[in-house]
Amino acid sequence: MSVLSLTKPVRRPGRVDRLAVLGGVLIVLVALSAVLAPWLAPYEENTPDPLHSLDPPSGAHWFGTDFAGRDVLTQILYGGRTSLTIVVAVLTVSAVVGVTLGVVAGYAGGPVRDVIMRVTDVFLAFPALLLSLALAVVLGPSVTTAIVAIAATWWPWYARLAASVAASVATRPYVDAARCLGVPAPLVVLRHVLPNSLTPVLVQVSLDAGGVILTAAALSYLGLGAREPVAEWGLMVQQSQTYFTTNWWVVTFPGLAILVTAFAFNLLGEGLRAALDPRRVIR
Amino acid sequence: MPRYVARRLGQAFLVVAGVVVLTFVVTRLLPGDPAVAFAGPKATPQQLAEARARFGLDDPLPAQLWNYVRDLAAGDWGTSLRTRRPVLSDLYVAFPASLELVGTALLLAVLAGIPAGVLAARHRTRLPDVGVRVGGMLAVSVPVFWLALALQTVFAGTLDWLPVAGEYDVALDTTSPLTLWTNITLVDALITGNWPILTSTLQHLVLPAIVVAAYPTGVIAQMTRAALIEEAGQDHIRLERALGFGETSILVRFALRPALNPLLSLIALVFAYAIVNGFLVEAVFNWPGLGRYAVDAIGDSDVPAIAGVTLLVALVYVLANLVVDLLQGVVDPRARQR
């Protein structure tokens, strides 16, 4: 009898989590709508129409129009391109930098590891938002600035993770064997340690995508990321917030776009982690 | 244990030193001449030179760094260009307000997150579990500034149930002025028995605290659920079940205990995160904390103030991590080996 839901059988291999599938489907939809924005969008990007400013949602404008008369749905579709570009760029840069430093630290051990890890600690302690703010002030607000700023505070997490994984991989027999055969250290790292340290990092990357979306939106909301004429969800919220009380759609829909995208990435990331982490029995 | 403590303290010190250097470098990179900002737009060249000399801006960079470190250690964190007050005394007012907000939010998060996690683990794979998982995931996915705007518009604007912004009704400063002890308004109002300000602050706290609490609640619920389910596979659980304990009481009395250790470190990490996340919330609700101070400082390129906030937040982060590591060293001897 199964009053005890805790005694239910452990996850069967190959069984897929429905929530993760939902996340994956949502991401495909968001990505498709961003890529196909020029064909899907009912209006041209960034075309103000003063005669139709702040129109409520209707057949002509499904999500209404903003204060300048731009179609909110169109801006959201184009905004998805900005957000996804930022996500891909930030995660690529920070994963490459973090994994490189982390694997070197983990394999080398000793003082090399100590130095790299202390530098990592410093960047971890440095508040992400504030470093982003400072960089945005220096470089001027733009999508590129947002990418640099977020990547600068994101890589330490991958360095830490990769270092601990690489350190354990470095003790495996096949690594010893390669070393005994006289394979030079850089090649050992590249051929044996790196490929076997990647899985947890990839899982972490998929878990982090939602966080990057939120951070990028927050930067743009503060006026430190994307600027006009680039369409970006956080920027849309910031520009429309004064009209929110009387025109609910101008803030609600861009915010929902951020929420749904971050939610989808988080669902998928959790599902991947559960599926790829054999230690865990949680579904 | 003493060796562990010493090593951990040494590491923390190195990190703080690194953060100080990084802060120095970043603030040097910031555009805008602090001398011009201080002396004002109509300053004569002579006044500018005086301001320059006063801030030591003519010295070589290493000397400036050394002066910066020496001043920091002496408690001189510079003078805010905007408020014209010492940065440290500005922080002394702003930080308690942030602590009040984040502390309340974390309390809410623990009170909501742990029971939610227990509920999910108890009814695993059924409706409550799915509800908690989806709800927790939504809570960590919601953009805080948007949630803040939405709650503010609905509950303070349209429904008019709660105040729109601020920490308490400023009119109360004249009718029942608050005696400051800790600068944390709630605590001060409580110990001095200032009920009007206490109720007003609580009302003002509700919305921003809920927004700041969203992320920690989601994380804590997910973590509690995961820890409980992992613990439920242990042998001692089978024994307790054989002894006839009910499922819920097994979870709460036996499975939750070992899960508290990782939860503690999670809460410390989330605390530092929540302070920075709270910046956006403070900006929306005009909460007089670090976030609003930082956002104002950024608008005015107030370099000493920005540097001060950065340092303080980094110190809080290092301290939170240190406390967690030391506590775990006490609780779990294996942690000392790491």
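May I ask you to verify whether residue B:264 is touching a residue at least 60 places away in the same chain (Cβ under 8 Å) and either basic (Lys, Arg) or over 27 Å from residue B:28 (Cβ atoms) (or both)?
So residue B:264 passes the test.
Could you name every one of the helices (runs of 4 or more DSSP H) located completely within region B:119-221 that has at least 1 residues being modelled with pLDDT of 90 or more and within 23 Å of residue B:278 (Cα to Cα)?
B:127-141, B:144-151
Would you confirm whether or not region A:98-118 contains a residue that is buried (at least 21 other Cβ atoms within 10 Å of the Cβ), more than 14 Å from chain B (Cβ to nearest Cβ), aromatic (Phe, Trp, Tyr) and at negative phi?
Yes; the residues of region A:98-118 include at least one that is buried (at least 21 other Cβ atoms within 10 Å of the Cβ), more than 14 Å from chain B (Cβ to nearest Cβ), aromatic (Phe, Trp, Tyr) and at negative phi.
Check residue B:98 against each of (1) over 30 Å from residue B:297 (Cβ atoms); (2) more than 11 Å from chain A (Cβ to nearest Cβ); (3) surrounded by 14 or more Cβ atoms within 10 Å (Cβ to Cβ) and name the one condition it does not meet.
Going through the list (1) over 30 Å from residue B:297 (Cβ atoms); (2) more than 11 Å from chain A (Cβ to nearest Cβ); (3) surrounded by 14 or more Cβ atoms within 10 Å (Cβ to Cβ), residue B:98 breaks only (1).
Condition (residue is more than 8 Å from every other protein chain (Cβ to nearest Cβ) and not in a helix (DSSP H, G or I)) applied to region A:249-270: is it met by at least one residue?
No, region A:249-270 has no match at all.
Which members of region B:67-88 meet the condition of being surrounded by 13 or more Cβ atoms within 10 Å (Cβ to Cβ) and either part of a helix (DSSP H, G or I) or polar (S, T, N, Q) (or both)?
The answer is B:67, B:68, B:69, B:71, B:72, B:79, B:80, B:83, B:87, B:88.
Which of the residues that make up region A:232-248 are closer than 18 Å to residue A:214 by Cβ and either out of contact with any Ser or Thr (no Cβ under 6 Å at 6 or more places or on another chain) or at the interface with chain B (Cβ under 10 Å from one of its Cβ atoms) (or both)?
To start, the set of residues in region A:232-248 that are closer than 18 Å to residue A:214 by Cβ comprises A:232-238, A:241.
A:233, A:234, A:236, A:237, A:238, A:241, listed by residue number.
Counting just the residues of region A:101-115 that are touching a residue at least 60 places away in the same chain (Cβ under 8 Å) and in a helix (DSSP H, G or I), which one comes out farthest from the chain's Cα centre (by Cα)?
That would be A:107.
Check region B:291-299 and report whether any residue there is surrounded by fewer than 17 Cβ atoms within 10 Å (Cβ to Cβ), within 10 Å of another protein chain (Cβ to nearest Cβ), part of a loop (DSSP other than H, G, I, E, B) and among the small types (Gly, Ala, Ser).
no
Does residue B:213 fit the bill of being farther than 24 Å from residue B:155 by Cβ, buried (at least 16 other Cβ atoms within 10 Å of the Cβ), within 27 Å of the chain's Cα centre (by Cα) and in contact (Cβ under 8 Å) with a residue 24 or more places away in the chain?
When the stated conditions are applied, residue B:213 does not pass them.
The values are calculated or read from the model by the stated rules, or taken from the named source; none is laboratory data. Quick caveat, the model's predicted, so the values are computed rather than measured. Every residue, glycine among them, receives a Cβ derived from its backbone with ideal geometry; neighbour counts consider all protein chains shown.
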